Amino acid sequence: MILPYFGSWYLIIVLVQGAIAVGNQADIVVWEPDMEFDLDNDYPVHIKHPSISAYMGSRLSGKVLATFVRGNLVYKEGNHASQACALPILHR
């Protein structure tokens, strides 16, 4: 199955098994490179110390609209999936 092109949205594809096809896994980010936004204290930033950023107060270009992991929607316009859908990362 090939994902449709969403108007001005662009797909950045990180291939895990070589190609997007039935049976293969792919992690996909839907990204709008022309969208601009101001990074301020009201913007939802998901890092350990959100108010400490070299970019705080800046106007930035490019925005992630959605993220799919193994075909599962895990992020869409500020909302994260309610549960994990990938494999856990284990310390060895």
### Task
Any residue in segment 25-50 that's closer than 20 Å to ARG70 by Cβ: show its pairings with residues that are among the small types (Gly, Ala, Ser) and at pLDDT 85 or above at Cβ separation under 6 Å, as long as the two are six or more apart or on different chains.
VAL30/ALA66
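I'd like the full set of residues that are farther than 15 Å from GLU77 by Cα and at pLDDT 70 or above, limited to segment 43-59.
So in segment 43-59, the residues farther than 15 Å from GLU77 by Cα come out as 47-59.
Answer for segment 43-59, where residues must be farther than 15 Å from GLU77 by Cα and at pLDDT 70 or above: ILE52, SER53, ALA54, TYR55, MET56, GLY57, SER58, ARG59.
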### Task
For residues that are more than 12 Å from PHE37 (Cβ to Cβ), β-branched (Val, Ile, Thr) and modelled with pLDDT of 85 or more, tally how many sit in segment 60-77.
2
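Could you look through segment 1-33, keep only residues that are at pLDDT 80 or above and touching a Gly at 6+ places or on another chain (Cβ under 8 Å), and pick out the one that is nearest to SER61 (Cα to Cα)? Please lay out each step first, then the result.
From segment 1-33, those at pLDDT 80 or above are 28-33; that's our starting set.
Those left that are additionally touching a Gly at 6+ places or on another chain (Cβ under 8 Å): 31-33.
On the way: TRP31: 11, GLU32: 9, PRO33: 7 Å.
It comes out as PRO33.
The values are calculated or read from the model by the stated rules, or taken from the named source; none is laboratory data. The structure displayed is predicted, hence computed values, not measured ones. Neighbour counts are summed over all protein chains in view; Cβ atoms, including those assigned to glycine, are modelled from backbone coordinates with ideal geometry.
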